[in-house]
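Everything on this sheet refers to the single structure shown next.
The values are calculated or read from the model by the stated rules, or taken from the named source; none is laboratory data. Quick caveat: nothing in here was measured; it's all calculated off a predicted structure. Every residue, glycine as well, gets a Cβ built from its backbone with ideal geometry; the counts of neighbours run over all protein chains shown. Just the protein is used for accessible areas: all its heavy atoms, side chains included, with ligands, DNA and RNA removed. Shrake-Rupley method; radii C 1.70, N 1.55, O 1.52, S 1.80 Å.
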Amino acid sequence: MEYGSQSTRRQLLAGTGLTVGAALAGCASMTESDNTENSNESTRTEQADSYEACIEPVGCQTFESVPETYIVNNGEWADMAFALGQRDGFLTSTNMIPGFLFEPFGLDVPPRSETESMSAISWDKEIFYERKPDVILMDPHYMHGTGWDDSWDESDTREISENVAPFFGNNILRRRDFHDYKLYSLYGAFERLAELFQERERYEAMASVHDDLQREIQSRLPSDGNQPTIGLVNSATNPSEGTFYPMNTDAEGIEMKPYQDLGIESSFTPELVENGTIDYEQLLEVDPEIIVVHWGIKTTGNTDSFSLSAFHKQFVEPMETDPVGSQLTAVEAGNIYPGAFGSQGPLVNLLQTEMVAQQLYPEEFGEFEPERFPEVADDKQLFDRQRVKDIIQGRF
């Protein structure tokens with residue numbers, strides 16, 4: 001199946017004999033190491049002013065020039081593009097990362113009109129035709145593979161790829177039923193996108209910041225393996241109704257990266273997670289010392305800032321007042337935290353890795369201060385904000 005456009009302003013090269021379907025077969029054997037996912041797997045062509053970029057499931061595509069505008073499906077791809085200095089090319093998104101999480105990096109908040117015009121529940125073809133992006137940073141199978149929009153099928157995805165722009169993306173957030181091909185790590189996908197935008201130096205500079213942060217954290221984690229476990233619950237959890245959605249921290253996908261990098265395991269058994277929901281009695285049987293609400297840093301409907309009072313009212317107060325919930329160790333100790341926003345690229349991941357480290361290892365990394373998040377006191381910062389700003393602005 002081809003998902004490369006033949007009609008956009010940044011169209012694929014004519015006459016190369018390269019189709020996306022053939023490229024996919026050629027790229028099916030692409031492999032990458034866990035740490036570096038070598039850039040040699042996305043080699044450029046020798047043709048003047050043209051180059052090649054590869055990613056599964058669309059395969060390898062040849063571009064005449066670097067795309068200037070793009071549409072994304074989820075915020076992680078916008079985050080990656082922003083980190084590569086491509087903020088001006090952002091057109092719209094279906095599910096954008098809250099703008100306040102980009103503020104520490106000197107990036108403006110995408111206007112609401114840009115981030116709410118698309119919906120995964122009901123795809124609108126006209127949005128693609130009206131915006132006329134040079135590339136669509138989406139896994140094409142995401143549009144017709146999730147089943148969220150029954151009126152949208154594979155022929156619709158193919159129409160957009162043929163008449164609007166090529167797709168270039170992978171559903172890296174988590175593995176879904178349709179996703180039987182490679183699921184990239186965050187920096188594996190980021191490296192592919194850097195090839196698309198021809199921003200190798202920026203990518204390497206950002207990867208260096210990430211590696212420095214990881215080394216700093218790993219050098220300060222308990223050497224005895226005494227990492228805490230957490231009762232991670234999805235933000236669909238409703239303590240007022242006594243309904244909790246337990247999760248595993250070792251699930252495949254970038255949304256669990258902060259916990260995995262910090263060696264944090266879930267308090268819940270796979271059986272409890274597979275059952276979907278648990279009640280207060282089942283939660284008390286597990287009785288995690290720490291409860292973290294996944295996506296909790298943005299659960300209150302406010303895109304401008306995190307509201308500690310709103311989080312407390314939605315998640316903490318109902319547990320404190322419930323006769324069973326009030327017996328939970330995490331409730332008694334005040335250890336209920338807003339968790340990371342699962343959709344994250346390199347920028348937000350830096351911020352949230354620091355956040356999780358402070359939530360779960362306050363004696364080592366400094367206590368997390370949710371009332372001022374995403375601002376962090378200078379002596380608690382685990383990575384250099386200015387260095388990241390410089391990279392985004394092209395000073396590296």
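If DNA, RNA and ligands are ignored and the probe is 1.4 Å, what is the ranking of Glu369, Glu195 by accessible area, most exposed first?
Glu369, Glu195
Residue-wise, which Karplus ³J(HN,Hα) couplings in Hz belong to region 334-344, taking 6.51 cos²θ - 1.76 cosθ + 1.60, θ = phi - 60°, and x for glycine or proline?
x, 9, 10, 10, x, x, 4, 6, x, 6, 8
Of the listed pairs Lys132/Lys257; Lys182/Lys298; Lys257/Lys298; Lys182/Lys389; Lys298/Lys380; Lys125/Lys389, which have alpha-carbon separations greater than 27 Å here?
Among Lys132/Lys257; Lys182/Lys298; Lys257/Lys298; Lys182/Lys389; Lys298/Lys380; Lys125/Lys389, the Cα-Cα distance tops 27 Å for Lys132/Lys257; Lys182/Lys298; Lys182/Lys389; Lys125/Lys389.
Would you work out the charge dipole size for region 315-396 about its Cα centre, treating the Cβ of every Lys and Arg as +1 and the Cβ of every Asp and Glu as -1, and quote it to the nearest 20 debye?
In debye, rounded to 20, region 315-396 gives about 600.
Would region 351-396 count as rounded, prolate or oblate if I go by the C-alpha gyration tensor, calling it rounded below 1.5 in a/c and otherwise prolate when a/b exceeds b/c, oblate otherwise?
prolate
Can you find, among Pro239, Pro258, Leu221, the residue farthest towards the positive end of the dipole of region 219-276? Put +1 on the C-beta of Lys and Arg, -1 on that of Asp and Glu.
Among Pro239, Pro258, Leu221, the one farthest towards the positive end of the dipole of region 219-276 is Leu221.
Summing +1 for each Lys or Arg and -1 for each Asp or Glu, what net charge is found among the other residues whose Cβ lies under 10 Å from the Cβ of Gly345? Mind showing how you got there, number by number?
On the way: positive: none; negative: Glu76, Asp79.
Counting the neighbours of Gly345, the net charge comes to -2.
Treating the beta-carbon of each Lys and Arg as +1 and of each Asp and Glu as -1, no other charges, what is the dipole magnitude of region 182-321 about its Cα centre, to the nearest 20 debye?
500
Just the C-alpha atoms of region 246-396: what Rg/Rh do they give, with Rh taken as the Kirkwood radius? Display every interim value, and only then the final one.
Values: Rg = 16.5 Å, Rh = 16.7 Å.
The Rg/Rh ratio comes out at 0.99.
What distance in nm lies between label points placed 7 Å from Cα along the C-beta direction at Lys125 and Asn163?
Placing both labels 7 Å beyond Cα along the Cβ direction yields 0.4 nm.
Using only the heavy atoms of the protein chains and a 1.4 Å probe, how would His294, His312 rank by accessible area, largest first?
Of His294, His312, the descending order of accessible area is His312, His294.
Determine how large the accessible area of Ser326 is when every protein chain is in place; take a 1.4 Å probe and give Å² rounded to the nearest 10.
40
Return the sequence-ordered ³J(HN,Hα) values of region 51-59 in whole Hz as given by the Karplus equation 6.51 cos²θ - 1.76 cosθ + 1.60 applied to θ = phi - 60°, using x for Gly and Pro.
7, 10, 9, 10, 7, 7, x, 7, x
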